[in-house]
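The values are calculated or read from the model by the stated rules, or taken from the named source; none is laboratory data. Keep in mind it's a predicted model, so treat the numbers as computed, not measured. Neighbour counts are summed over all protein chains in view; Cβ atoms, including those assigned to glycine, are modelled from backbone coordinates with ideal geometry.
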């Protein structure tokens, strides 16, 4: 088996660990994301200022979308309707010593792609050399790591506009899905178990025997404990 060095997407069968490659229309691929239904993969072609659209059933490139300069990060909205690609605009030598395209229009931005048409809907200016990108679980906010600005751009996905910028440490990159869903509130009062636990305790001991003036006071104590 001939193993390509830079210009290929590696496909691994997780059942057999067999490896295959997608070479056509792939040029120094960096970021990749798969739609929620698993049918399509979007690959950022760093050296070609484009995104390859891969049909995962056939492992072939179904379309190529022109985006901004030196695309790198890719993420997909939870509903699968939008793809977000960071255009880093890096002018220096890229991965494996391959020269990146010279800086030009479309760098320092995020391209918004509609999956229904595989066309660019908008290009959003962000900080310098954006790399990592992730979308919140509700799809309402997009976070972009601006590597050379040392900050994170927060984008409203309804308006495709930056609504805030958060200063962070030096050279943030953050590839992958770096947004964790907020855990559900552990508030015990809203859970049926509040009544169940209290009933079981009361079956064996009275509230007074446990140092509480009433069953309600015992329930409140259980709630406070669970929220601590």
Filtered residues of the stretch 5-23 (kept if surrounded by 12 or more Cβ atoms within 10 Å (Cβ to Cβ) and over 26 Å from residue 131 (Cβ atoms)): 20
What do you reckon, is residue 58 in the same structural domain as residue 120 (by TED's automatic domain parsing) and without any contact (Cβ under 8 Å) to a residue 12 or more places away in the chain? yes
Got a sec? Which of 96, 106 is within 24 Å of residue 54 (Cα to Cα), in contact with a strand residue (DSSP E or B) (Cβ under 8 Å, 6 or more places away or on another chain) and modelled with pLDDT under 95? 106
Hey, which of the strands (runs of 3 or more DSSP E) in the stretch 34-96, taking only ones fully inside, have at least 3 residues that are under 17 Å from residue 9 (Cβ atoms)? 40-45, 50-55, 60-66, 71-76
